[in-house]
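For reference, the structure discussed in these notes is given below.
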Amino acid sequence: MTLLSVQNLTVQAGEVPLVKGISFDIQKGEWLAIIGQSGSGKSVTASAIGRLLAPNLKARGKALYNGKDMLRFGAKEMRRLRGTSISYIFQDYQGSFTPFHTIGRHFDEFLKAHFKLSKAQRREMAEQTLESVGLQPEMYTRYPFQLSGGQLQRSSIALALLTKPDLVIADEPTAALDSISAFKVLRLLADLQQETGCAMLFITHDLRHVRKYADQIIVMKEGAVVEKGDKQSVLDQPQHAYTRSLMTASPSLSAASQLLKGDDTSCVYCN
Amino acid sequence: MTSRLTVNKARATKVFLSAILILIASVAVYAFLILKHDPSFVDLNERLLPMSWQHPFGTDHLGRDMLTRILLGFQLTVGYGFLALLLAVAIGVPIGVIAGFKGGLVDRLLMRVADAFLAFPDTVVAIVLSGLFGAGIENLLLAIILVKWVNYARLARSTVVAERQKDYITMAKINGLSEWRIMWKHLFPHLIGHILVLASLDLGKIILLISSLSYIGLGAQPPAPEWGAMLNEARPYFQTVPALMIYPGLAIVTVVLFSNLLGDYLRDKFDVKKEVAE
Amino acid sequence: MRLLQLNDVQKSYQPGIPVLKDINFSLDRKECLGIVGESGCGKSTLARCILQLEGLDQGEILFEGTPLHNKTERDIRPYRRQLQTVMQNPASSLNPKLKIRHSLMEPFRQYGAQVSLTHFQHGSEEEMARQLMEAVELSPDLLSRYPHELSGGQKQRISIARAISLEPALVVLDEPTSSLDVLTQMSILKLLDHLRDALDLSYLFISHDLLAIQALSQKILVMKEGQIVDRFEKGDLFAHERHPYTKQLVSLFD
């Protein structure tokens, strides 16, 4: 069943098109990955769907969430949707936490806003949630600067999944992490998706991050979709030269030794 | 659209700055090459004359040529202001750079000294020094330097502290540059812009300070043609011959305005972020 | 004789919290040794210690048999031209106020007169600059630009050119590709591999990206919490006797 259907989405900054009429569907419980380099319009697409665009950007087209066009929702309807059905995880995990509040306080405020629970119940639930993302319950009393990047991103994932959303929009959640922490966070995200059955709109610039977990892949370049399909067919038979160059640049580990050998086709994209 | 506005404003400032410079230069050429008056030549027969070709700004209560005095006042007021500024920069910047680069105890010591100086307002220091050593332009300059060097030390220090941790300083170290060369080659270029901006804004403030303290009799002493002192001498005539106050007043306003506009202009010019955006 | 040898190196910033524990390894000429680990595992501190930007608490760092550690800056300086580095952030490793030419030629200006070069032709500054730009596949036109006019990949190439300009014995590569996009990462890795061959360089390649490490290095050390937990030849990455942490990394990246 289609959860989100994006139809002919265009985003413009003044006269300059950043996203040029793209369309795709996300089924319930599906992991859709949008891959592209910086400037490809992938993050703008995610922001447009989440109604988080900067004021100078204008979106046209449709984003049907369960059949209703989110782009035409009022502020109140959007807020209700965000609180319950759609969650976000951002690249800038530091910006997602107020520096002078403890991690626990972030959880507490969030739980207070969305659930009717006593203080003790809220604390218990927060600590359980922290454990579910692989953090010690002691983190509850820590401040954001005392946590590593990976731990903070885990906390923000825990917050994003508290309301059991149907759709999680993850905009390069691993880009600011070192690649080891990134892969760990990615695996956590995949586990939680399995558990809760939510759909995932996953934005990334790294093909390696979608090899394992994505169901559908969209490759974007300069605001347009250059390749779209289910993971296997895109990875097995990439149609577009750009997809192929992305694939050579991110081989599997066992092929890494051969990465630097061979012809220099990729140098078309040097710098 | 915004960028066009900024560009127009920058151009207007540039035109205005050049216009003032040309105006001062041409008046000076006229006064010194064509008129040739002695600024302290007293002629009581020619006192309080209105403007004429011989005395374009008229004469003062002792019959001295006003234009000549205003122009020499430029030399005195702006010249001394500039001198004070230069010395303050020359003292403050090296101290700030060393404090920022060395860090630790040296830094703490130098900055506490700076804080102590910062605690006194310049006017108060000037008045106290005049009280101790007697009124005079030299003591006034000393007071200005004592107070102003702190600003340059702090500015230099904060810039150096911000830049010091960047990788390119580490790279310079790895490439075998000595500490002095790193300070000179890598840190100093970052300072010039900031310091020029602060200095050009300060110039106006210092000129105002010199003039206002001279006006109350603590700076330059008569018969020196200092603008503030001239204003003071002109006080008794301000109802009968207001021009005697208007000319030095205008001179001060023009120079202070010039200094502020120059400061704005330099700030825009040295703004690195703007460079990057372009 | 080993080019670089570390014996029992220990380092801590706060008493009781060691950042580096018992680090032992050596590196031969023309070799690329990869060190992989998460952020916070101490690998960048290790790089700073080897580059003599930090002192040691214990142990020794030998460069061609000569101890380097805990010397004064003046005594270190003769070794600096042999011991170069490329850092992670291309944006901050070049002085924004200086033209590319100036930053690039800094080591040459400092040491050029005393150095005999085998691969580059020792010539005028302009001639050297041109050769270096050619070596890193950049147009000489960029020399008169400022850093902010260059892309991240181009800046990183300039940093590489600067590091190799005096044909050093060892280049410490501290995450040289981590802040670049995938396609640029790949081209930089290729360039580094090519330069090592062409100029007989040795690399100490530090990264959190097991893929890049596996691609560029011949020997690999795995670091965790300040210790080396595993060491092996590139081909043995998938071998059975690997440390559990290495296996975990492999399963994450594969």
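The values are calculated or read from the model by the stated rules, or taken from the named source; none is laboratory data. Here the structure is a predicted model, which is why all the values come from computation and not from measurement. FYI the Cβ positions are ideal-geometry reconstructions off the backbone, even for glycines, and counts take in every protein chain you see. What goes into the accessible areas is simple: the full protein's heavy atoms, side chains included, and nothing from ligands, DNA or RNA. Shrake-Rupley method; radii C 1.70, N 1.55, O 1.52, S 1.80 Å.
General observations
- Interface residues of region C:16-43, defined as a loss of at least 20 Å² in heavy-atom accessible area between the chain alone and the complex of all protein chains with a 1.4 Å probe, are C:E38, C:S39.
- Each part gets one Cα centre, and for region C:218-238 versus region A:172-188 those centres are 21 Å apart.
- Rolling a 1.4 Å probe over the protein heavy atoms gives the protein assembly as shown an accessible area of 45 Å² per residue.
- Computed from the C-beta positions of C:Q248 and A:M78 and an R0 of 51 Å, the FRET efficiency is 0.80 to the nearest 0.05.
- Relative contact order of region B:113-270, pairs being alpha-carbon contacts under 8 Å that are 6 or more residues apart, as %: 24 percent
- In chain A, Cα pairs under 8 Å separated by at least six residues give a relative contact order of 25 percent.
- In region C:181-207, burial by the other protein chains removes 50 Å² or more of 1.4 Å probe accessible surface, compared with the chain on its own, from C:V182, C:L183, C:M186, C:K190.
- Accessible area of chain A belonging to carbon and sulfur atoms, whole % at 1.4 Å probe: 50 percent
- Degrees separating the helix A:119-132 axis from the principal Cα axis of chain A, which is the longest one: 30 degrees
- Cα centroid separation - region A:28-73 against region B:199-226, whole Å: 63 Å
- Taken across both chains, chains C and A shield about 3200 Å² of accessible surface from a 1.4 Å probe.
- Backbone amide hydrogens, once placed in the peptide plane, bring A:M220 within less than 5 Å of A:I35, A:G36, A:V226, excluding anything fewer than 5 places away on its chain.
- Karplus-based coupling profile of region B:58-65, in residue order and whole Hz: x, 10, 8, 5, 10, x, 8, 6, with θ = phi - 60° in 6.51 cos²θ - 1.76 cosθ + 1.60 and x standing for Gly or Pro.
- Using C-alpha pairs below 8 Å separated by at least 6 residues, the relative contact order for region A:97-164 is 41 percent.
- Rounded to whole numbers, the Karplus 3J(HN,Hα) couplings from phi for region A:92-109 are 7, 5, 5, x, 7, 10, 6, x, 9, 10, 5, 4, x, 5, 4, 5, 4, 5 Hz, using 6.51 cos²θ - 1.76 cosθ + 1.60 with θ = phi - 60°, and x at Gly and Pro.
- Accessible-area ranking of A:Y93, C:Y13, largest first, probe 1.4 Å: C:Y13, A:Y93
- Per-residue [θ]222 nm for the protein assembly as shown (sum of -39500 (n - 2.57) over DSSP H runs n ≥ 4, rounded to 500): -15000 deg cm²/dmol
- Taking amide hydrogens as placed 1.01 Å from N in the peptide plane, the amide H of C:G34 sits under 5 Å from those of C:F205, C:Q218, C:K219, C:I220, C:L221, each at least 5 positions away in sequence or on another chain.
- Share of carbon and sulfur in the accessible area of chain B stands at 69%, probe radius 1.4 Å.
- Total accessible surface hidden between B and C, rounded to 100 Å², 1.4 Å probe: 2100 Å²
- Anisotropy class of chain A from Cα gyration tensor, a/c 1.5 cut: oblate
- Going from the isolated chain to the complete set of protein chains, region C:96-122 loses at least 20 Å² of heavy-atom accessible area (1.4 Å probe) at C:P96, C:K97, C:L98, C:H102, C:E106, C:Q110.
- Crossing angle, helix A:179-196 versus chain A [Cα axis fit, 0-90 degrees, rounded to tens]: 70 degrees
- Estimated dipole of chain A in Debye, rounded to 20 [Cβ of Lys and Arg +1, of Asp and Glu -1, Cα centre]: 840 debye
- Protein-only accessible surface order, largest first, of B:W184, A:W31 at 1.4 Å: B:W184, A:W31
- Share of carbon and sulfur in the accessible heavy-atom surface of region C:4-243 [1.4 Å probe, %]: 44 percent
- Ranking A:F183, A:P238, A:N66 by how far each Cα lies toward the positive end of the dipole of chain A (charges on Cβ) leaves A:N66 at the top.
- Rounded to the nearest 10 degrees, the angle from helix C:244-253 to the longest Cα principal axis of chain C is 50 degrees.
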